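What follows draws every value from the coordinates through simple rules; no lab data is involved. Source: prediction; values computed, not measured. Using ideal geometry, Cβ is built from the backbone for each residue, glycine included, and neighbour counts are taken over all protein chains shown.
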Amino acid sequence: MEDQDLHEIRQSIRQLCDGYGEDYWLELDRNRGYPTEFVRELTTSGFLTVLIPETYGGAGMGVREAAVVMEEVCRSGAHAGACHAQMYVMGSVLRHGSEAQKQYYLPKIAAGELRLQSFGVTEPTTGTDTTSLKTVARREGDEYVINGQKVWISRIEHSDLMVLLARTTPKSEVGKKTEGLSAFLIDVAHAREHGLTIQPIDAMINHHACELFFDDLRIPADNLLGAEGQGFKVILDGMNAERILIAAECVGDGKYFVDKASRYACDRIVFDRPIGQNQGVQFPIARCYAEIEAASLMVEKAADMFDAGQACGAEANMAKMLASEASWRAGDVCMQTHGGFAFAKEYHIERKFRETRLYQIAPISTNLILSFIGEHVLKMPRSF
Ligand SMILES: Cc1cc2nc3c(=O)[nH]c(=O)nc-3n(C[C@H](O)[C@H](O)[C@H](O)COP(=O)(O)OP(=O)(O)OC[C@H]3O[C@@H](n4cnc5c(N)ncnc54)[C@H](O)[C@@H]3O)c2cc1C
């Protein structure tokens, strides 16, 4: 049984999302637009900054509460990919920033004056092999000079700040491949005028993802997050929260599909009876319901462990894998239940179907999660 606080968060988010119906999201999807009003309202109402401690102007809540926010946003039919990173990217500043960086940035992020919702890790030629990334940051006096390329960097055009991962020491010169990488805070507007080129990617979903080209971009050395050479840890520490929140989004997507499919199965009459009276239609929906409930328990477990300060890498990864697979199956069943109408955009299913598919690939693909479990939990041989 959910406690009263979580229940109230759920109700408030439902009310907020009611103001942004599915046609709002369909229109944005068609025009590749950004949900500025929605993100603003989610921010000013305090829901997008729940994870920022009260001392820095946030609500000071945990990942468990944040997960409820994201689940309900997705369950409403919205596309949380437009804003979810504002919740967790700031964790890099919170956990690894200097006190001066925290004092400067976090209150502004909490107030919605600064948007830190972009993080640049993935590169076109190295992909999942993060420690082989080729973007370099060279120290020159009190500046770093950045050169390289990133791909699939979401929301950069709608962010004031980005956390960037670059190499400061060549891989060949470090003891461990995870060393020699550094994390930086990039002022996007300034960077665009001094060596950063941004090119939007024409993609299957409206995720505002771009390709980035860095050509001798100079940034103040003060923008280093954490210690030089320890950037992999800065990024890694934020990943568990990200995975749990994305898993919560998948739970929301899954519930959306199950709600929609079961309703339609009751309403649609073919052969003089509701299609849901046929167990061939009913059982797949019931199975999806059970799978989503199970994934939801794993999300709760991972979130509770995260909030208790416990190591939860395995649980966060498992929650993301189970929830993304369950939401995908629910999307498929919802499509099947709607028959031909599933393909009509006005039913909204095909948009959500495309959107939820992403989460078996990003922010980490299922194979990489299985590899993590195989190696770190089950102690089987390392494969790469
Ligand atoms: C819409 C969208 C938004 C994104 N937003 C961001 C963002 O904001 N910031 C960011 O940094 N990145 C972002 N990404 C990138 C995303 O995190 C990567 O696409 C994802 O991590 C997979 O990397 P890749 O595409 O390079 O796949 P690859 O690394 O090329 O892998 C391709 C396939 O091969 C599999 N594979 C690779 N190596 C192995 C192995 N050793 N064993 C088994 N299987 C393997 C993978 O599981 C995957 O299925 C985004 C991607 C998309 C599509």
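Of the chymotrypsin sites (Phe, Trp or Tyr not before Pro) found in the stretch 87-131, no site is in coil according to DSSP while having at most 13 other Cβ atoms within 10 Å of its Cβ.
Computed from label points 7 Å out along Cα-Cβ, the spacing between residue 237 and residue 336 is 4.5 nm. Of 239, 204, 321, the sequence from fewest to most neighbouring Cβ atoms within 10 angstrom is 204, 239, 321. As a quick test, which of the pairs 177/379; 177/352; 171/301; 102/176; 108/260 have an alpha carbon distance above 27 angstrom in this structure? Result: 177/352; 171/301; 102/176; 108/260 exceed 27 Å. Report the FRET efficiency, 1/(1 + (r/R0)^6), for residue 194 and residue 126, where r is their Cβ-Cβ distance and R0 is 25 Å, rounded to 0.05. My answer for the efficiency is 0.50. If you take the Cα centroid of the stretch 44-79 and the Cα centroid of the stretch 273-308, the two points sit 23 Å apart.
Rounded, prolate or oblate for the chain? Axes are the square roots of the Cα gyration tensor eigenvalues, ordered a ≥ b ≥ c, and the cut-off for rounded is a/c under 1.5.
Since a/c reaches 1.5 and a/b is larger than b/c, the shape of the chain is classed as prolate.
Size estimate for the stretch 116-228 follows the Kirkwood approach: the inverse of mean 1/r over distinct Cα pairs works out to 14.1 Å.
With springs only between Cα atoms under 10 Å, which of 85, 314, 323 fluctuates most in a Gaussian network model of the chain? Top of the fluctuation ranking is 314.
For the chain, modelled as a GNM with alpha-carbon contacts under 10 angstrom, which of 312, 334, 250 fluctuates the most? Residue with maximal mean-square fluctuation among 312, 334, 250: 312.
Database remark: amide H of residue 217 closer than 5 angstrom to the amide H of 146 (H placed geometrically; neighbours at sequence offset of 5 or more, or on other chains; Pro and chain starts carry no H). Are there DSSP H segments in the chain that both extend 24 Å or more along their axis (alpha-carbon positions) and score a mean Kyte-Doolittle hydropathy of at least 0.0? List them, or say none. Helix filter hits for the chain: 231-267, 279-307.
Comparing 280, 46, 81 in a Gaussian network model of the chain, where Cα atoms under 10 Å apart are tied by springs, the biggest mean-square fluctuation is seen for 280. Extending 7 Å from Cα along the Cβ direction at residue 287 and again at residue 301 yields two label points whose distance is 2.3 nm. By its C-alpha gyration tensor, with a ≥ b ≥ c as the square roots of the eigenvalues, how is the stretch 80-123 shaped: rounded for a/c under 1.5, else prolate for a/b larger than b/c, else oblate? Oblate shape, in that a/c is at least 1.5 and b/c is the bigger or equal ratio.
A simple spin-label model places the labels of residue 268 and residue 213 4.7 nm from each other, with each point 7 Å out along Cα-to-Cβ.
Roughly speaking, what is the stretch gain from residue 95 to residue 169, that is 0.36 nm per residue apart minus the C-alpha to C-alpha distance, in nm to one decimal? All intermediate terms of the calculation are to be shown ahead of the outcome.
On the way: separation 74, 0.36 × 74 = 26.64 nm, distance 2.28 nm.
Length difference between fully extended and current span is 24.4 nm.
Take the alpha carbon gyration tensor of the stretch 248-288, find the square roots of its eigenvalues, order them as a ≥ b ≥ c, and report rounded if a/c is under 1.5; if not, report prolate when a/b exceeds b/c, else oblate.
It is oblate, given that a/c is not under 1.5 and a/b is not larger than b/c.
Can you put 216, 253 in order, fewest other beta carbons within 10 Å first? It would help to have the intermediate numbers written out before the result.
Working: 216 10, 253 31.
With the fewest neighbours first, 216, 253 line up as 216, 253.
Semi-axis lengths, largest first, of the ellipsoid equivalent to the stretch 5-50 are 22, 12, 7 Å, with √(5λ) applied to each eigenvalue of the Cα gyration tensor.
Using 0.36 nm per residue, how much length does the chain from residue 203 to residue 7 gain when fully extended, once their Cα-Cα distance is taken away?
Values: separation 196, 0.36 × 196 = 70.56 nm, distance 3.58 nm.
Separation in residues times 0.36 nm, less the Cα-Cα distance, equals 67.0 nm.
Could you tell me the relative contact order of the stretch 233-377? Use alpha-carbon pairs under 8 Å, at least six residues apart, and round to a whole percent. The partial results should precede the final answer.
On the way: 175 pairs, mean separation 43.6, N = 145.
In percent, rounded to a whole number, it is 30.
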